[in-house]
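First up is the structure itself, then whatever we jot down about it.
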Amino acid sequence: MRRPEAGALLGLLGVLAFFVLFGSTKFLEPAGAASWLNVAANLGIIAIPVGLLMIAGELDISVGAMIPAGSMTVAIISGHYDLPIWMGIIGTLALGVAVGLVNGILVVRTAVPSLIITLGTLFAMQGIVLGCSVLITGTTSVAVTADPWAKFIFGHFLGGTFQIIILWWLALTAIYIFFVHFSRFGNWIFAMGGDKVSARNAGIPTEKLTISLFILSSTSAAFVGMCQAILFNSAQVSGGMTYIFNSIISVVVGGVLLTGGFGSVAGIFFGTITFAIVNQGIYFTTFDRNWSSLIIGVMLLLAVLMNNTFRRTALTYAPRRK
């Protein structure tokens, strides 16, 4: 119960019990489960890197622009210009690396908070995506048809309902858990969130790690946008803005502190599922859909209070002397 993800797990169980009680049995059936698992997978791939940045004491809100940027990049390269899909995939990931690199360098080389820098990147990328799309294609929507192998790996439905990106989400979560909680890199991230100056004095490469986390965040968002374009055979310049707040909500519900230095990958994983269930579960109940935002807001407040309680318990715990 002293673990950072304890509150997130209890919140997830409570939300599941709530919608099972007040919703229909279809909520846990394959078709119903797919409705919130698909949302959780797309959001979760972005939420974990954003959460790691928050643990390190930084914030990246440019992910909202990187999703349509990733979609349009693969669509323009492999759809409009009809180049091989692998070139579109490489181009998309390269764009994510480039934007993350710019964000990271600006953060470590200036005294400007990461919130302001990524806010500027957010609007800049929105303008670039819209302007380049209209200039190159003359439209804001581009069709793309991926090769069968790319469709199988990045954009098809398992069993007709579950998106393949769910498997990517689970695999990436396992990798994150290993590196964050079972390697020195994770200790470095938590140390940076606790006190960046002390972490630097202890020999931790804070600048390189910060830049790497921003690259990971932007590339993950571009990857999700690319998968969506391949799945639905088209890309739009709009969309992605909701992922900014939804990812932050998932991270906070998962037990990560906005001030940094505390959290876990498993907690973010549980928080993402919790948010997705609340977001989609109301459609399986008789409640008025207009109250969904209220439910999400109340859930966020309760999660913050619960996680703060578990954090105090963890920090004040002292084992009994034998």
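The values are calculated or read from the model by the stated rules, or taken from the named source; none is laboratory data. What you are looking at is a predicted structure, and each value in this text was computed from that prediction instead of being measured. For neighbour counting, all protein chains shown are included, and Cβ atoms are generated from backbone atoms with ideal geometry for every residue, glycine included. Just so you know, the surface numbers come from the protein's heavy atoms only, side chains and all, with ligands and any DNA or RNA stripped out. Shrake-Rupley method; radii C 1.70, N 1.55, O 1.52, S 1.80 Å.
The table below lists the values:
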item: Matching entry among Thr118, Thr139 (being touching a residue at least 12 places away in the same chain (Cβ under 8 Å) and not basic (Lys, Arg)); result: Thr118
item: Residue within the range 144-156 that is part of a helix (DSSP H, G or I), in contact with a helix residue (DSSP H, G or I) (Cβ under 7 Å, 6 or more places away or on another chain) and loosely packed, with under 14 Cβ neighbours inside 10 Å present; result: no
item: Single unsatisfied condition, Val134 versus (1) open to solvent by 60 Å² or more (accessible area, probe 1.4 Å); (2) at pLDDT 95 or above; (3) not acidic (Asp, Glu); result: (2)
item: Lone qualifier among Ile204, Ile215, Ile175 - being at pLDDT 95 or above and either assigned to a loop (DSSP other than H, G, I, E, B) or surrounded by 13 or more Cβ atoms within 10 Å (Cβ to Cβ) (or both); result: Ile215
item: Some residue of the range 50-58 being surrounded by fewer than 24 Cβ atoms within 10 Å (Cβ to Cβ) and of a type outside the set (S, T, N, Q); result: yes
item: Residue within the range 231-239 that is part of a helix (DSSP H, G or I), over 23 Å from Thr73 (Cα atoms) and open to solvent by less than 40 Å² (accessible area, probe 1.4 Å) present; result: no
item: Meets criteria (surrounded by fewer than 24 Cβ atoms within 10 Å (Cβ to Cβ), over 22 Å from Ile105 (Cβ atoms) and under 12 Å from the mean Cα position of the chain (by Cα)) for Val39; result: yes
item: Count - residues of the range 79-90 that are assigned to a helix (DSSP H, G or I) and modelled with pLDDT under 95; result: 2
item: Any hit, the range 201-208, residues being touching a residue at least 40 places away in the same chain (Cβ under 8 Å) and under 23 Å from Leu43 (Cβ atoms); result: no
item: Unmet requirement for Val107, which otherwise passes all of (1) more than 19 Å from Val251 (Cβ to Cβ); (2) in a helix (DSSP H, G or I); (3) of a type in the set (Val, Ile, Thr); result: (1)
item: Search result, residues across the range 70-119 that are surrounded by 16 or more Cβ atoms within 10 Å (Cβ to Cβ), more than 14 Å from Ala222 (Cβ to Cβ) and of a type in the set (Gly, Ala, Ser); result: Ser78, Gly79, Gly104, Ser114
item: Scan of the range 241-260 for residues that are at pLDDT 85 or above, outside any helix (DSSP H, G or I) and open to solvent by 10 Å² or more (accessible area, probe 1.4 Å), ordered by number; result: Met241
item: Answer residue from the range 162-187, given it is under 16 Å from the mean Cα position of the chain (by Cα) and of a type in the set (Ser, Thr, Tyr) and is nearest to Cys227 (Cα to Cα) among those; result: Thr173
item: Checking Trp168 against (1) farther than 29 Å from Asn38 by Cβ; (2) modelled with pLDDT of 95 or more; (3) aromatic (Phe, Trp, Tyr), the condition it does not meet; result: (1)
item: Count of residues meeting criterion [surrounded by 12 or more Cβ atoms within 10 Å (Cβ to Cβ), hydrophobic (A, V, I, L, M, F, W, C), farther than 18 Å from Phe269 by Cβ and out of contact with any Gly (no Cβ under 7 Å at 6 or more places or on another chain)] in the range 16-30; result: 4
item: Residues of the range 157-172 satisfying the condition of being touching a strand residue (DSSP E or B) at 6+ places or on another chain (Cβ under 9 Å) and open to solvent by 50 Å² or more (accessible area, probe 1.4 Å); result: Phe157, Leu167
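Residue-wise test of (1) over 22 Å from the mean Cα position of the chain (by Cα); (2) touching a residue at least 40 places away in the same chain (Cβ under 8 Å); (3) open to solvent by 10 Å² or more (accessible area, probe 1.4 Å).
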| site | (1), (2), (3) |
| --- | --- |
| Ala266 | no, yes, yes |
| Thr272 | no, yes, no |
| Gln280 | no, yes, yes |
| Phe287 | yes, yes, yes |
| Ser292 | no, no, yes |
| Gly297 | no, no, yes |
| Leu301 | no, no, yes |
